[in-house]
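Asker: Sharing a structure, written as structure tokens. Questions coming.
No lab work stands behind these numbers, since they all come straight from the coordinates. Note that the coordinates shown come from a computational prediction; the quantities given were computed from them, not determined experimentally. We place every Cβ from the backbone using ideal geometry, glycine too, and count neighbours over all the protein chains shown.
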Amino acid sequence: MLENVFLNTACDNALRSIAAGDKDALAVIYDKMHRQIYSVAWAVLNNRHDAEDALQNTLCEILVSAAAYEGPNAKAWIISIARNQALNLLRKRKSEVFSPYEDEKASDFNVESEFIYLDALSSLGEREREAVILKIYCKMKHKEIAELLGITPSASEKLYQRGILKLRKYYKGG
């Protein structure tokens, strides 16, 4: 819990610095949030390369939109931008005439140890995957997840619970 407060404070200060013209403050947001931004993007896109693009787009959008940040939850604001950037990229990819997604397997992933379980997450539906990643990796509350996804907190809890049950079955071989 205290970690979340420090994260929010650091990102809040960085956003305010960026809004005041200090572009170097973006490094603070990258250092504190890049794994969470990537996780959210991957949850939406289910593709490593597209998730990396969404991470970059998110950072660019933060530079452009930092002045619009009004507080008090910098982490939720940044995650919301990340999700929107991923959804925009998904819509763009779907509208392209020829854009087959690569069929990526866990062995293709060369990412940090926190992402070992991404292959299991790909077995979940999109909404379940988003709920699980937002809850576990981003440490968001169901109320925050519900606001971000446009659902009720109880629906967020159900998505998360269903996702966790499917992950348990996945790891048990069922």
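Asker: Can you pull the one-decimal nm distance between simple spin-label points at I164 and E126, each 7 Å off the Cα toward Cβ?
Answerer: Inter-label distance under the simple model: 2.5 nm.
Asker: Now for a separate question. Apply the Karplus curve 6.51 cos²θ - 1.76 cosθ + 1.60, θ = phi - 60°, to the phi angles in the range 30-47 and return the couplings in whole Hz, x for Gly and Pro.
Answerer: Per-residue couplings from phi come out as 4, 4, 7, 10, 4, 5, 5, 4, 4, 4, 5, 4, 5, 4, 7, 8, 6, 8 Hz.
Asker: Is any residue of the range 131-165 close enough, with backbone N under 18 Å, to a label point placed 7 angstrom from the Cα of S80 along the Cα-Cβ axis, and if so, which?
Answerer: Residues 131, 134-135, 138-153, 156 fall inside that zone.
Asker: Local charge sum around A66 (other residues, Cβ-Cβ under 13 Å, Lys/Arg +1, Asp/Glu -1)?
Answerer: Spelling it out: positives minus negatives among the neighbours equals -3.
Asker: With θ taken as phi - 60° and the coefficients 6.51, -1.76 and 1.60, list the Karplus ³J(HN,Hα) couplings across the range 148-155 in order, rounded to whole Hz; mark glycine and proline as x.
Answerer: Along the range 148-155, the couplings run 5, 8, x, 10, 7, x, 5, 5 Hz.
Asker: Compute the signed sum of charges (Lys and Arg +1, Asp and Glu -1) over the other residues within less than 11 Å, Cβ to Cβ, of R16.
Answerer: Values: positive: none; negative: D12, D22, E70.
Computed value for this residue: -3.
Asker: Determine, for Y171, Y38, the number of other Cβ atoms within 10 Å of each Cβ, and report the residues in order from fewest to most.
Answerer: Y171, Y38
Asker: If Lys and Arg each add +1 and Asp and Glu each add -1, what is the summed charge of the other residues whose beta carbon sits under 15 Å from the beta carbon of I151? Please report the intermediate quantities before stating the final value.
Answerer: On the way: positive: R83, R127, R129, K135, K141, K143, K158, R162; negative: E126, E128, E130, E144, E147, E157.
Spelling it out: positives minus negatives among the neighbours equals +2.
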